[in-house]
Amino acid sequence: MKRTYRRFALALLASVALPMSAGAQGVGNASTTKGATAETVTTQLPRAVRPSHYDLTITPDAQAMTFEGQAAITIDVVEATRTITLHAADLAIAKAALTTKTGRKAGAPTVTLDTKAQTATFTFTKPVAPGSYVLSIDYAGKINTQAFGLFALDYKAADGSQKRALFTQFENSDARRFMPSWDEPFYKATFSLKTIVPTDEVAVGNLPVESRKDLGQGKTLVTFGTSPRMSTYLLFFSLGDFERKTVMVGDTEVGVLTKRGDLAQADYALKASADMLPWMNEYFGEKYPLPKLDHIAAPGRSQFFSAMENWGGIFYFENAMLLDPKIASNSLRERIFTVVAHEMAHQWFGDLVTMSWWDDLWLNEGFASWLESRATEKFHPEWHPELTALGSRESAMGQDAYVTTHPVIHPIKTVEEASQAFDSITYSKGEAVIRMLEAYAGSDEWRAGVQAYMKRYSHSNTVTDDLWREIDKASGKPISEIAHDFTLQPGIPLVKVTATCNAGSTAVALEQGEFTRDRAGKQPLAWRVPVRVAQVGGTAQAETLLQGKGALQVAGCSPVIVNAGQTGYYRVLYDPRTFAGIAKNIATVKPVDQLGILNDAVALGYAGNQPMADMLDLVKNLPADASPQVMERAASVIAGLAPYAEANPKRKAALTRFATARLLPVLKGLGWTPKADEPATAGELRATLIEVLGDLGEKTVVAEARRRFADPAAIDPSVKVAILGVVAKNADAATWDALHAMAKDETSAQVRTTLYSLLGRAADPALADKALALSLTDEPGLTTSPVIVSSVGAEHPERTFDFVMANYDAVMGRVDVSGATRYVARLSATSADPAMVGKLDAYAKQRLAAGSRRPVDEAIAKIQDRIKVAQTRLPEVDAWLAKAGY
Ligand SMILES: [Zn+2]
């Protein structure tokens, strides 16, 4: 699954006042044991029975928002039992029967549903003896309006008619809303899906259609091919007025599907997929095993994910797959490419080889996130994925620096805990740890280990140590030990550096501590840390595996850079003299290290380990022609300070003057429209500069954005969202109404949702209230409403939180059921109001189980941190701004 991409997360990233976590330093759960067996893997179901094959016939009634199902599940009863318990949620079971494989009746059970446990228990009058049986169940279910189980998305077709398309979304635990099933990743089985559908609609499954049978009265029975063994969460079904285009890659049919009229917008994704498939076949050393690989674009949004790796039938929301010419930009191409890469990587890592239980979710997500970078490096080096990766590492560290964080591998007991596991630690720390281990093992050795793992475990389940064992063997290095340090305990190592030059050579003393925002004073955790040291402008390098304290010698006397190349997952605190040397020579430092050094200075500055002046000096001294991604980060550092200036006019004026002096010349150099010969990443920088300066209310930028807004059709697609964002943020009532009219008239579903989200950005509280009220009308559409609310939340967190609490059922009825807790917690993401702490806590006490509080506790930790930063760190910023003459 690919998490939702949030373009407006800039300020959050910058302040590093992100998040999270975890008191529980839980080590030693089932996932660290060797070899996954049924007995060692967590389950919520009794182990006496295992499924091997599902025969499913689904008859949806899209108008009534219901469906009927018949399941014939081949099971093995391992030990005699009077009851069979499996998962079922929101299903009404009409009848059930057990037969032997030869068709002899073996029992007519009674059925009990447990709504809370989401199970159905079939009770027999006498014990069912061990052996093979078929459990047949007739049932009915409902079609949801948000992305879980079988769900519907309504949209306006190109001809103006109202249409409804159906899709499924089962990860992590919603296949049980589609079929009674052993809905846990460990229970792999084969699936044969049949469906009775309107003859004029297109049905899509994991496998190609095997046969069609006309049933008369406009209905057709569609039979899909039988799947290989796979986990329930990967099953897929979709139905609608779709168009499909395909291309053969070897003997695999690669396809894209869109709603009628949009097919050309999928060309980019189709080409990306066709380009990557042979490369991935080769990388994994196992050929993609299904005859077809479809990518399906759906209108609408989720607050939590943008795509899902169903085997052979990958689901995307349109904004992650379609290149709408109205907003096409390099950054949109990059997003589509990386999302396609992520989901394709899952076809192996996740689909072919699957974690036994959600404890090891990171195996799926960390790996897929990491492979995005590798694929981008191969096909689009001009996007500099090595720099993009540092943004991802920052988002992980933003969560990992708080006591509310959790280890990459952590015990999952409930469905809600599994849902919450889809966070920055699982995705981004997982990715960063893999990058570090790959760099330490060597990329060829790493790949050899991955290939051995794929070969050994294809079509089965694993735990993390199964991977480490193969990498250890392939690399001959102690990868497992380092991996355990970084995945079984939470937190971030801090490497303290003292460098001394003597007789033409630099002695580098290293000491490992812990970087934390709220665990100070405690005994630091211990890690084995692969450390690489290089010299500014030099070629000399040295490496060590740091344990506690260490020392290195590097030839020459220029300042040393620790974590050179930035593949390590740790922060670096330099002695003041070395840092001053780096800062003075920052223009000659490689972009990836410029970015890493800046990131560390920001985090250490906010945490109080280093003067705030250091990060501000770096921002000020970066050359105007720095890599666009580095300059973007500089802009985000300034944006991160902006919320602390909201209620302080003097500070705001000084910060805006600094932003203007630093960033406006860069924007002027770039211009407001793309140039033919500019770097591929310049467009993103241009959009960021417009947003940051516009958000600060820089007068010339706001005026220029308004001038261009007078003729929206003439705005270049790559800066359209940024320009409209500035207009929206600074909107008066008349401008807001004009934007609202644009949103209403827009025919492209994607652009329409974006316009509605912009309506939530107004700084004017009265307009914020209008946007919130609008979100609860039928006008924006069910999946657009929560986007508006989130958008208002970023500007007016307290107001929005109160609104959501006052209209709880109405708002939550529009949010995916699996993400409600995270949705509410996220509304406070920019708040520094002490009152919010009590409100969040009250919400958690009223609505959440004790084990489901983490997102709320993380949000509280961040608010408390922002309050602390405002009191203790901002005076240094004020002093620097004054001294620098702003
Ligand atoms: Zn994923």
Name the single residue that is nearest to the chain's Cα centre (by Cα) among those in the range 836-886 being among the polar types (S, T, N, Q) and open to solvent by 50 Å² or more (accessible area, probe 1.4 Å). Gln864
Do you know which of the residues in the range 333-357 that are open to solvent by 10 Å² or more (accessible area, probe 1.4 Å) and more than 13 Å from the ligand (Cβ to nearest atom) is farthest from Asp716 (Cα to Cα)? Trp357
Does any residue of the range 173-186 turn out to be open to solvent by 10 Å² or more (accessible area, probe 1.4 Å), part of a loop (DSSP other than H, G, I, E, B) and closer than 21 Å to Ser306 by Cα? yes
Filtering the range 468-493 down to residues that are among the hydrophobic types (A, V, I, L, M, F, W, C) and touching a strand residue (DSSP E or B) at 6+ places or on another chain (Cβ under 9 Å), which residue is nearest to Phe186 (Cα to Cα)? Phe486
Anything in the range 201-220 that is under 24 Å from Gly255 (Cβ atoms), among the hydrophobic types (A, V, I, L, M, F, W, C) and over 29 Å from the mean Cα position of the chain (by Cα)? List them, or say none. Val202, Val209
Looking at the structure I just gave you, is Tyr283 aromatic (Phe, Trp, Tyr), over 16 Å from the mean Cα position of the chain (by Cα) and closer than 19 Å to Ser748 by Cβ? no
Looking at the range 397-426, which of its residues are farther than 21 Å from Arg528 by Cα and open to solvent by 10 Å² or more (accessible area, probe 1.4 Å)? Thr404, Pro411, Lys413, Thr414, Val415, Glu416, Glu417, Gln420, Phe422, Asp423, Ser424
Val495 - would you say it is closer than 21 Å to Gln610 by Cα and open to solvent by less than 10 Å² (accessible area, probe 1.4 Å)? yes
Quick check: anything in the range 85-105 hydroxyl-bearing (Ser, Thr, Tyr), in a loop (DSSP other than H, G, I, E, B) and in contact (Cβ under 8 Å) with a residue 24 or more places away in the chain? no
Phe367 vs (1) in a helix (DSSP H, G or I); (2) within 16 Å of the ligand (Cβ to nearest atom); (3) under 22 Å from Asp174 (Cβ atoms); (4) not hydroxyl-bearing (Ser, Thr, Tyr): all pass except (3)
So in the range 755-781, with the set limited to residues that are in a helix (DSSP H, G or I) and of a type in the set (Ser, Thr, Tyr), which one is farthest from Leu739 (Cα to Cα)? Ser775
Could you say whether any residue in the range 242-260 is at pLDDT below 95, closer than 26 Å to Gly149 by Cα, open to solvent by less than 10 Å² (accessible area, probe 1.4 Å) and touching an Asp or Glu at 6+ places or on another chain (Cβ under 9 Å)? no
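Condition check ((1) within 15 Å of the ligand (Cβ to nearest atom); (2) small (Gly, Ala, Ser); (3) at pLDDT 95 or above) across all residues:
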{"site": "Leu371", "(1), (2), (3)": "yes, no, yes"}
{"site": "Leu387", "(1), (2), (3)": "no, no, yes"}
{"site": "Asp400", "(1), (2), (3)": "no, no, yes"}
{"site": "Ile412", "(1), (2), (3)": "no, no, no"}
{"site": "Glu416", "(1), (2), (3)": "no, no, no"}
{"site": "Asp423", "(1), (2), (3)": "yes, no, no"}
{"site": "Arg435", "(1), (2), (3)": "no, no, yes"}
Got a sec? Which of Asp518, Asp485 is within 30 Å of Asp857 (Cα to Cα), at pLDDT below 95 and not in a strand (DSSP E or B)? Asp518
Grab the strands (runs of 3 or more DSSP E) fully contained in the range 544-661, keeping just those with 1 or more residues being buried (at least 24 other Cβ atoms within 10 Å of the Cβ). 560-562, 571-574
Tally time: how many residues in the range 129-154 are of a type outside the set (S, T, N, Q), crowded, with 19+ Cβ neighbours inside 10 Å and under 31 Å from the mean Cα position of the chain (by Cα)? 9
Quick one: in the range 500-520, of everything that is acidic (Asp, Glu) and touching a strand residue (DSSP E or B) at 6+ places or on another chain (Cβ under 8 Å), which residue is surrounded by the fewest Cβ atoms within 10 Å (Cβ to Cβ)? Glu511
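The values are calculated or read from the model by the stated rules, or taken from the named source; none is laboratory data. Only a predicted model underlies this, so the values are computations on that prediction, with no experimental measurement involved. Backbone-built Cβ (ideal geometry, glycine too); neighbour counts: all protein chains shown. Calculation scope for accessible area: heavy atoms of the full protein, side chains included, ligands and nucleic acids excluded. Shrake-Rupley method; radii C 1.70, N 1.55, O 1.52, S 1.80 Å.
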